[in-house]
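This report concerns only the one structure given below.
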Amino acid sequence: LFGAPRGHNGEFRDEPPLRSELLSADQLKQHARALASSHEIDERRGPDRLLPRLTENEVALLHAYKLVANSAEQGRRTTPAADWLLDNFYLIESQIRTARRHLPRAYSAELPRLLNGPLAGHPRVYAIVQELISHVDGRVDAENLSRFVASYQTTATLKLGELWAIPIMLRLALIENLRRVAVRIAACRRDRDAANSWADHLLEIAEKEPRNLVLALADMVREDPPLTSAFVAEFARH
């Protein structure tokens, strides 16, 4: 799940945000109990996976911010999500610094780890908060967090160290979610920039050398730009 942060083309891998079916308060309680029943604990001590992932998330978020900021400086249109990233990036940086300060090296390795599931090898309490985030669309508050953890413990008791770790694990999971959203914002920005570039090129050819327009279109076809919704919308707008 937490492999290399970049794909084969050097871009950050697109991973879906932490988003699952929205659950009511009663459904969350039932889900917490089912989650506790499904978790198997690996008693062996394992490597710390959270600090390296935090560093990856920081790099990905900074990359997305710089890409969006550069486009904004050039006067290109930005989406509401990109505007939010620009306006709030200083808060994200602050949360990353806080997370790193509150998560000493090897601390997470001391917590009970999962033996099964997509987060096998990660602290159980980290998986718990990720699951809550995904089922409340990131809208975590003290009430739904307390209810979820209490319901989980009716089936499987958490250790004191895990309970103490919940705030930092929640921060790490929310940063993880922001990274996934930011990577998608950056991908859309790249696609829009590519559409702008091709549209400007074709318009220039059409104006100055109309007989070469077919050749320019052939170049675009050979390059095979990604025909994502962001690319098509921006290209059509031009």
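The values are calculated or read from the model by the stated rules, or taken from the named source; none is laboratory data. The structure displayed is predicted, hence computed values, not measured ones. Virtual Cβ from ideal backbone geometry, glycine too; neighbours counted across all protein chains shown. We work out accessible area using only protein heavy atoms, side chains counted, and drop any ligands, DNA or RNA first. Shrake-Rupley method; radii C 1.70, N 1.55, O 1.52, S 1.80 Å.
Among what's in segment 94-108 and is among the aliphatic types (A, V, I, L, M) and modelled with pLDDT of 80 or more, pick the residue that is surrounded by the most Cβ atoms within 10 Å (Cβ to Cβ).
99
Given the conditions (1) in contact (Cβ under 8 Å) with a residue 24 or more places away in the chain; (2) open to solvent by 60 Å² or more (accessible area, probe 1.4 Å); (3) not in a loop (DSSP other than H, G, I, E, B), report the number of the one that residue 22 does not fulfil.
The number of the failed condition is (3).
Within the set of pairs 6+ apart or on separate chains, which have a first residue in segment 43-59 that is farther than 18 Å from residue 176 by Cβ and of a type outside the set (S, T, N, Q), a second that is surrounded by fewer than 19 Cβ atoms within 10 Å (Cβ to Cβ) and at pLDDT 85 or above, and C-beta atoms under 6 Å apart?
The qualifying pairs are 46/121.
Test of understanding: among 215, 203, 178, which residue is open to solvent by 80 Å² or more (accessible area, probe 1.4 Å), in contact (Cβ under 8 Å) with a residue 12 or more places away in the chain, assigned to a helix (DSSP H, G or I) and of a type in the set (A, V, I, L, M, F, W, C)? Working first, answer last.
Working: 215 fails: in contact (Cβ under 8 Å) with a residue 12 or more places away in the chain; 178 fails: open to solvent by 80 Å² or more (accessible area, probe 1.4 Å).
The unique qualifying residue is 203.
Being assigned to a loop (DSSP other than H, G, I, E, B) and among the polar types (S, T, N, Q) is the filter; apply it to segment 33-78 and report the residue that is nearest to residue 129 (Cα to Cα).
Out of the qualifying residues, it is 78.
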